[in-house]
Amino acid sequence: MGISFNISSVREGTVFNVMQFLSLERVTGILKFSFGGNIPEAIVYLDNGNLLAAEFGAILGGGVLDLLLCQEYAVKEITFTPERLSNLNIETKLDTATKLDSIILNISKDVDMCKCRHLIYGGLATKIPNDDINKPLLSKMYDFNNCSALTSLKINQESDKLAPLTQCSAIHKALVTGQIAYEQPLVPIKSFKVLLDILQPLTEKEFNSLRGYMKSLLPHPKATNMSLERFYAFASAIESLAQRKSPEIGSKARQAIHELVNIVKNKDVAKVK
């Protein structure tokens with residue numbers, strides 16, 4: 001039957017590498033990406049290493065690959081099962097199978113140039129004002145056509161941020177205008193400078209350690225914000241390092257962290273800057 005695998009530890013670059021590998025091996029079968037929880041899977045159908053079809057709710061075809069490369073950090077598990085696709089009824093089937101390797105190279109460039117990615121965090125829970133149902137952003141993307149808070153928005157090509165996926169342009173505008181919001185307050189990464197200044201001078205080892213830990217807590221590499229829950233973990237590392245330098249620096253760091261958390265909690269969290 002050919003290659004079959006299950007990857008339960010997804011790291012940066014895994015999605016891209018898996019797709020390249022399957023393209024080179026010219027496989028035929030079904031590739032599934034699981035995001036965990038109650039989020040539906042993204043499904044990619046491959047025919048002899050080419051993209052035959054792809055679906056994630058309202059997002060179809062190459063747009064699914066855009067989503068997967070952008071939101072790789074939200075992917076929990078990848079499975080591939082060899083299967084003859086001629087017997088499958090695939091409503092999203094393309095007219096002609098498209099070479100996968102050329103698609104992912106172009107999409108990788110599109111994702112890097114996306115103007116909305118800095119605020120699109122698929123794994124974070126979101127809420128709509130006056131609605132008690134909170135779901136991860138990926139769920140809203142899957143069910144995009146049924147979310148009036150998103151579909152009612154008109155995207156202005158000149159004034160609004162644009163993305164390879166029209167869904168992301170709408171989500172970005174909805175976040176900025178308060179039509180939807182992340183359930184947890186977000187802490188801007190630029191605000192971390194205040195905390196890092198307290199720790200100066202930092203050795204190269206200390207700086208690289210903090211930088212690496214911060215990157216591991218971000219929703220994805222282009223993120224400009226960190227959820228408050230993950231910020232607490234980063235703040236703990238800041239405080240620990242400050243305390244080792246001196247009790248006075250430790251106290252100063254704790255006070256700065258406390259003030260920053262209060263600012264984040266008290267601002268209008270419906271609007272993301």
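Identify all residues within region 23-38 that are in a loop (DSSP other than H, G, I, E, B) and in contact with a Pro (Cβ under 7 Å, 6 or more places away or on another chain); write none if there are none.
Hits for region 23-38 are VAL27, THR28, GLY37.
Is at least one residue of region 119-127 open to solvent by less than 50 Å² (accessible area, probe 1.4 Å), touching a Phe, Trp or Tyr at 6+ places or on another chain (Cβ under 7 Å), in contact (Cβ under 8 Å) with a residue 24 or more places away in the chain and among the polar types (S, T, N, Q)?
The answer is yes, given that some residue of region 119-127 is open to solvent by less than 50 Å² (accessible area, probe 1.4 Å), touching a Phe, Trp or Tyr at 6+ places or on another chain (Cβ under 7 Å), in contact (Cβ under 8 Å) with a residue 24 or more places away in the chain and among the polar types (S, T, N, Q).
Restricting attention to region 54-71, report how many residues are without any contact (Cβ under 8 Å) to a residue 24 or more places away in the chain and open to solvent by 20 Å² or more (accessible area, probe 1.4 Å).
Residues of region 54-71 that are without any contact (Cβ under 8 Å) to a residue 24 or more places away in the chain, as a first pass: 64.
Those still in the list that are open to solvent by 20 Å² or more (accessible area, probe 1.4 Å) too: none.
Qualifying residue count, region 54-71: 0.
Among (1) within 18 Å of ILE107 (Cβ to Cβ); (2) out of contact with any Leu (no Cβ under 7 Å at 6 or more places or on another chain), there is one condition TYR45 misses while meeting the rest; what is its number?
So the condition that TYR45 fails would be (2).
Applying the selection to region 23-53, what residues are open to solvent by 30 Å² or more (accessible area, probe 1.4 Å) and more than 26 Å from LYS140 (Cα to Cα)?
Those that are open to solvent by 30 Å² or more (accessible area, probe 1.4 Å) and more than 26 Å from LYS140 (Cα to Cα): LEU24, GLU25, ARG26, THR28, ASP47, ASN48, ASN50.
Do you know which residues across region 150-173 are in a helix (DSSP H, G or I) and without any contact (Cβ under 8 Å) to a residue 40 or more places away in the chain? Give the derivation first.
Within region 150-173, the first condition is being in a helix (DSSP H, G or I), and the residues that meet it are 150-151, 166-173.
The answer is LEU150, THR151, THR166, ALA170, LYS173.
Which strands (runs of 3 or more DSSP E) sit wholly inside region 42-131 and have at least 3 residues that are of a type outside the set (Gly, Ala, Ser) and at pLDDT 95 or above?
On the way: elements: 42-47, 50-56, 77-82, 125-127.
So the answer is 77-82.
Any residue in region 20-35 that is touching a Phe, Trp or Tyr at 6+ places or on another chain (Cβ under 7 Å) and closer than 25 Å to PHE144 by Cβ?
Within region 20-35, one or more residues are touching a Phe, Trp or Tyr at 6+ places or on another chain (Cβ under 7 Å) and closer than 25 Å to PHE144 by Cβ.
Considering ASN48, ASN17, ASN6, ASN38, which residue is without any contact (Cβ under 8 Å) to a residue 12 or more places away in the chain and not β-branched (Val, Ile, Thr)?
The conditions single out ASN17.
The values are calculated or read from the model by the stated rules, or taken from the named source; none is laboratory data. Because the structure is predicted, anything quoted here is derived from the model rather than measured. In this analysis, Cβ positions are derived from the backbone assuming ideal geometry, glycine residues included, and neighbour counts consider all displayed protein chains. To get the accessible areas, we keep the full protein, side chains included, count just its heavy atoms, and leave off ligands, DNA and RNA. Shrake-Rupley method; radii C 1.70, N 1.55, O 1.52, S 1.80 Å.
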